[in-house]
1. Kindly list, by first and then second residue, each pair from a residue in the range 164-184 that is within 16 Å of LYS101 (Cβ to Cβ) to a residue that is in a loop (DSSP other than H, G, I, E, B) and open to solvent by 50 Å² or more (accessible area, probe 1.4 Å), limited to pairs with Cβ atoms under 8 Å and residues at least 6 apart or on different chains.
2. Please specify each residue of the range 152-187 satisfying the condition of being open to solvent by 50 Å² or more (accessible area, probe 1.4 Å) and farther than 28 Å from ILE125 by Cβ.
3. Being open to solvent by 10 Å² or more (accessible area, probe 1.4 Å) and assigned to a helix (DSSP H, G or I) is the filter; apply it to the range 6-15 and report the residue that is farthest from LEU140 (Cα to Cα).
4. Quick check on my filter: what residues within the range 47-74 are over 17 Å from GLY160 (Cβ atoms), in a helix (DSSP H, G or I) and open to solvent by 70 Å² or more (accessible area, probe 1.4 Å)?
5. When the residues of the range 188-201 are narrowed to those that are open to solvent by 60 Å² or more (accessible area, probe 1.4 Å) and within 19 Å of GLU44 (Cβ to Cβ), which ends up nearest to the chain's Cα centre (by Cα)?
6. Restricting the search to the range 124-141, which residues are assigned to a helix (DSSP H, G or I), without any contact (Cβ under 8 Å) to a residue 60 or more places away in the chain and surrounded by 14 or more Cβ atoms within 10 Å (Cβ to Cβ)?
7. Identify, from the list ARG81, ARG77, ARG34, the residue that is of a type outside the set (Gly, Ala, Ser), farther than 30 Å from VAL175 by Cβ, open to solvent by 60 Å² or more (accessible area, probe 1.4 Å) and outside any loop (DSSP other than H, G, I, E, B).
8. Residue under question is LEU87, and the condition is that it be more than 21 Å from ASP50 (Cβ to Cβ) and among the aliphatic types (A, V, I, L, M); does it hold?
Amino acid sequence: MKNNSLLANVPVDLLYQALETEKGGVQIYSTALRCAINKDLKKEWNEYLDQTKTHVQVVTGILRDLGLDPNAETPGRKIVRYIGSSLVKAMELALRCADPKSAQIVAAECVVLAETKDHLNWELIGELTKKLEPAEVALLKPAYEQVEDEEDEHLYHTTGWTRELWIEALGMPAVLPPPEEVKKVETAIEAAQAKKSRAPKARAKKAGAK
């Protein structure tokens with residue numbers, strides 16, 4: 001039976017969107033790994049794929065604890081699935097039509113787009129834990145605390161990879177692995193600081209090459 005006392009306050013469609021985002025993420029990382037040629041990036045995405053599979057289980061567990069069918073459809077979930085499948089198709093197109101380095105960049109961009117939505121889902125779930133009743137918080141907060149730091153890393157680290165791969169493709173000095181990876185960035189502030197820290201190194205490399 002559905003837990004009606006919890007369902008009264010928990011926005012169910014957000015949870016279904018979160019589940020579909022994670023399920024789509026498994027497909028996106030699986031495809032992105034086919035595009036990856038940098039060994040450090042490939043290692044990182046393999047780790048993120050494993051974590052995303054765990055996130056699927058976490059959200060599925062929340063829905064089941066609410067007495068809901070994890071396979072049920074919602075309008076938002078269908079849209080999330082469509083976007084995810086479009087990202088997979090974009091990477092498959094890049095594999096067929098682009099050179100390996102370009103396909104790798106396309107994959108990085110697709111991961112960033114997917115992780116932006118994923119990060120937002122968990123950010124909103126975290127906001128909910130500040131406003132819900134104790135029984136609802138007890139259901140959502142452990143999941144949020146388990147997943148949120150990993151989602152931060154997925155987004156900020158892959159954003160750094162995407163930037164540096166593009167810089168390399170443009171013929172400028174790139175920092176690989178990116179500073180976000182080296183500094184183990186987990187917040188937006190840390191990401192901004194890491195991005196700023198790369199500039200002097202890049203200028204020094206450029207000057208040394210002259």
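The values are calculated or read from the model by the stated rules, or taken from the named source; none is laboratory data. What you are looking at is a predicted structure, and each value in this text was computed from that prediction instead of being measured. Cβ atoms come from the backbone with ideal geometry, glycine included; neighbour counts cover every protein chain shown. These area figures cover heavy atoms from the full protein model, side chains too; ligands, DNA and RNA do not enter into them. Shrake-Rupley method; radii C 1.70, N 1.55, O 1.52, S 1.80 Å.
1. From the range 164-184, the pairs are GLU164/LEU176; LEU165/LEU176; GLU168/LEU176.
2. TRP166, GLU168, ALA169, LEU170, GLY171, MET172, LEU176, VAL182
3. Within the range 6-15, the subset open to solvent by 10 Å² or more (accessible area, probe 1.4 Å) is 6-9, 11-14.
Then drop every residue that is not assigned to a helix (DSSP H, G or I), which leaves 6-7, 12-14.
Values: LEU6: 11, LEU7: 12, VAL12: 12, ASP13: 15, LEU14: 12 Å.
My answer is ASP13.
4. So the first thing to find is which residues in the range 47-74 are over 17 Å from GLY160 (Cβ atoms), and the list is 49-74.
Next cut, in a helix (DSSP H, G or I) only: 49-65.
If the condition is that a residue be over 17 Å from GLY160 (Cβ atoms), in a helix (DSSP H, G or I) and open to solvent by 70 Å² or more (accessible area, probe 1.4 Å), then ASP50, LYS53, GLN57, ARG64, ASP65 are the ones that fit.
5. So the residue we want is GLU190.
6. Within the range 124-141, the first condition is being assigned to a helix (DSSP H, G or I), and the residues that meet it are 124-128, 134-141.
Filter again for without any contact (Cβ under 8 Å) to a residue 60 or more places away in the chain, leaving 126-127, 134, 137-138, 141.
Answer for the range 124-141, where residues must be assigned to a helix (DSSP H, G or I), without any contact (Cβ under 8 Å) to a residue 60 or more places away in the chain and surrounded by 14 or more Cβ atoms within 10 Å (Cβ to Cβ): GLY126, VAL137, LYS141.
7. On the way: ARG77 fails: open to solvent by 60 Å² or more (accessible area, probe 1.4 Å); ARG34 fails: farther than 30 Å from VAL175 by Cβ.
The unique qualifying residue is ARG81.
8. On the way: more than 21 Å from ASP50 (Cβ to Cβ): no; among the aliphatic types (A, V, I, L, M): yes.
Answer is no for this residue.
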